[in-house]
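The values are calculated or read from the model by the stated rules, or taken from the named source; none is laboratory data. As the structure is a prediction and not an experimental result, all values here were calculated from the model. Here the Cβ positions follow ideal geometry from the backbone for every residue, glycine too, while neighbour counts run over all protein chains shown. Ligands, DNA and RNA are excluded from the accessible area calculation, which covers all protein heavy atoms including side chains. Shrake-Rupley method; radii C 1.70, N 1.55, O 1.52, S 1.80 Å.
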Amino acid sequence: MSHMAAPSPLRLSVVVIGLNEEARLQGALQAVFDTCPAHCELEVFYVDSGSKDRSVAIAEAIPGVQVLRLQTQQPSAAKARNMALAQARGDYVQLIDGDSVLQA
């Protein structure tokens, strides 16, 4: 009888970007964790583009969220996404905005 090793879990990276998303960010980030399949190893990034509200504090208060701060005079969605993509280790990457809520 052969013993097969259990398959390694699927690694999923989720990149959430935002600028002044205080009103919506909690829901967006929570939905990432709520909809992640049980067999996945999840890493979540929130990239903030210079918010003047509580967006960073909200993201930092959620366990499992890695908060990155985009430091530039000319922020853009592409720069924010690329910042996190450079660190993402997932087999798959999901890009979403801070005002988006993933559905199961």
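Screening Ser55, Ser51, Ser8 for residues that are open to solvent by less than 10 Å² (accessible area, probe 1.4 Å) and of a type outside the set (Val, Ile, Thr) leaves exactly one candidate, Ser55.
Summed over the range 58-78, residues that are open to solvent by less than 60 Å² (accessible area, probe 1.4 Å) and either touching a helix residue (DSSP H, G or I) at 6+ places or on another chain (Cβ under 8 Å) or assigned to a strand (DSSP E or B) (or both) total 9. Taking each residue of the range 41-56 that is closer than 20 Å to Gln94 by Cα and looking for partners that are assigned to a loop (DSSP other than H, G, I, E, B) and among the small types (Gly, Ala, Ser) with beta-carbon atoms closer than 6 Å, six or more apart or interchain, yields Val44/Gly64. In the range 1-55, what count of residues is obtained for those that are more than 16 Å from the chain's Cα centre (by Cα) and in a helix (DSSP H, G or I)? The number of residues fulfilling the criteria is 0.
Whether any residue in the range 44-54 is under 19 Å from Ala104 (Cβ atoms) and modelled with pLDDT under 95 is what I want to check. No, the conditions are met nowhere in the range 44-54.
Only one entry in Arg81, Arg89 is open to solvent by 50 Å² or more (accessible area, probe 1.4 Å), within 13 Å of the chain's Cα centre (by Cα), over 17 Å from Gly18 (Cα atoms) and in contact (Cβ under 8 Å) with a residue 40 or more places away in the chain, namely Arg89. Within the span defined as the range 31-45, every residue fails to be open to solvent by 30 Å² or more (accessible area, probe 1.4 Å) and within 30 Å of Gln74 (Cβ to Cβ).
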